[in-house]
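A short worksheet on the structure shown next.
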Amino acid sequence: MVISSCLIFAVYSIKLILFSIGGEEPIPLPPKRQPISSRKPSFPSNIFNTFDDFVNTYIDPPRKSCVDPKYVLSNNFAPVDELPPTECKVVEGSLPSCLDGAYIRNGPNPQYLPRGPYHLFDGDGMLHSIKISQSKATFCSRFVKTYKYNIENEAGFQIIPNIFSDFNGLLPSVTRSAITLARLIAGQFNPTNGVGLANTNLALFRGKLFALGESDLPYAVKIALDGDIITLGRHNFNGKLVKSMTAHPKIDPETNEAFAYRYGPFPPFLTYFRVDPNGIKTTDVPIFSIKCPTLFHDIAITKKYAIFSNIQIGMNPIKFILTGGSLVGMNSRKISRLGVIPRYAKDESEMRWFDVPGFNNLHAINAWEEDGGDTIVLVAPNILSVEHTIERMDMIHGCVEKVKINLNSGVVSRHPISTRNLDFGVINPTYVGKKNKYVYAAIDVPGFNIVYAINAWEEAGGDMIAYD
Ligand SMILES: [Fe+2]
């Protein structure tokens, strides 16, 4: 798999001395497995798989290209196998001996070829690493050994359904939910161990590396001395994190705190929290001013505030029931808004919301304060035609904007930075929450596989300048 759903990568040039800070849940490991070819599914498994095949063939075959594995898993997105640590040949020049670190990328890559609908976001998390040390480069690809991955690896077939593609429309949802319930009753999986894919992002926090997906807890991983990628376990921050966490926490490089949240289909639809410098998760701050399920994919921080984007993407039950579309959809009557809450708020009493019509950012690039703290600046790609986010990703366009909020007057101003189609922007992590100058972002080409360095906000410079 060449690209990820979020294409967020961790680049770090520090020494790879990763130490345990506690909090991993032991991964329920399956017994030693037989080669897949020699294992036979149990009788109940045969029945469940037969029903699965019936639904995939007669009730809900992949009708749309966005969930048709023939299209989704083609070209750049074709599945790849694991690759053990493999030394790369230096084709030209030499690697400086002072380089000591790794470039790591996360992305979805299905363990088994789908037998029915499959969306790009449904793949198991796979990490690709290039470790550079002692003038050698070592490449490695490993699945994140999530609970889902492990039980399905042992079974030899998929057990847990695809969240983005298996529940489009009422009848497919009812039938697949029934099969999933039957598998649960038969003891094929235990949802309390988490069913996440850890396929969305990577974060480096307190010297520990995490693979993240927003439907589960983070998985701690490490790069071994030989370049191998090891999954350490599901991380619960000393037992304090019991539910899911965003895949895009923001880490203040000066205070060593992580600012995070979770969201879901039931109230409270958004819950804010942080992890202190000692790795302890703080008390939840439920945000009851969110009145309906909404997609919150990213967060931004400044020195004083955390910023949430309440966009027009949420749940769309009417389309889901009547047309068989995705449960996730756009509410065109909703006005997008930005929520600003003090970083150390104990409740939402000081949270303020500012209407920003038509501003739908899935990712935030950075934010900071100006005018002595009276103005908040947020830089983020506003997704034009956001209604295509799930089903027609080829039609969305990320227009990077600088949004300014005057906290005294409540006035919001918007300044487009570029007309280019950009997203997945990252910055030098030492500038998180502070004004920065450079962004590294993907520009829209087939497969999102070009990354540009862009000069994002030279005040007098106008449009961004792109560098190869
Ligand atoms: Fe993302």
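Computed from the coordinates by the stated procedures, all read-outs in this text should not be read as laboratory data. These numbers come from a predicted model, not from an experiment. Here the Cβ positions follow ideal geometry from the backbone for every residue, glycine too, while neighbour counts run over all protein chains shown.
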Report task. Can you spot the aspartates and glutamates whose alpha carbon is less than 19 Å from residue 131's alpha carbon? Ignore those fewer than 8 places along the same chain. Result -> 81, 82, 87, 92, 100, 226, 228
Report summary line: Treating every alpha carbon of region 248-467 as one equal point scatterer without solvent, the Debye formula yields log10 I(q)/I(0) values at q = 0.18 Å⁻¹ of -1.42
Report summary line: The relative contact order of region 60-120, taking Cα pairs under 8 Å that sit 6 or more residues apart, comes to a percentage of 67
**Report entry** Sequence ranges 91-104, 386-399, ranked by mean other-Cβ count within 10 angstrom, highest first
**Finding:** 386-399, 91-104
Query raised in the report: What distance in nm separates the simple spin-label points at residue 409 and residue 266, each placed 7 Å from Cα in the Cβ direction?
Result: 4.5
Requested in this report: Would you list, by chain and number, the lysines whose Cα falls below 22 Å from the Cα of residue 243, excluding same-chain residues fewer than 8 positions away?
Outcome: 145, 148, 208, 281, 291, 346
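Need the full-extension length gain, residue 64 to residue 184, defined as separation in residues times 0.36 nm minus the C-alpha distance. One decimal, nm.
So the chain would gain 40.3 nm between residue 64 and residue 184.
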Query raised in the report: In straight Cα distance, which lysines are under 19 Å from residue 136, not counting same-chain residues fewer than 8 positions off?
Result: 15, 89, 222
Query raised in the report: Given +1 on the Cβ of Lys and Arg, -1 on the Cβ of Asp and Glu, and no further charges, what dipole in debye does region 248-467 carry about its Cα centre, rounded to the nearest 20?
Result: 400
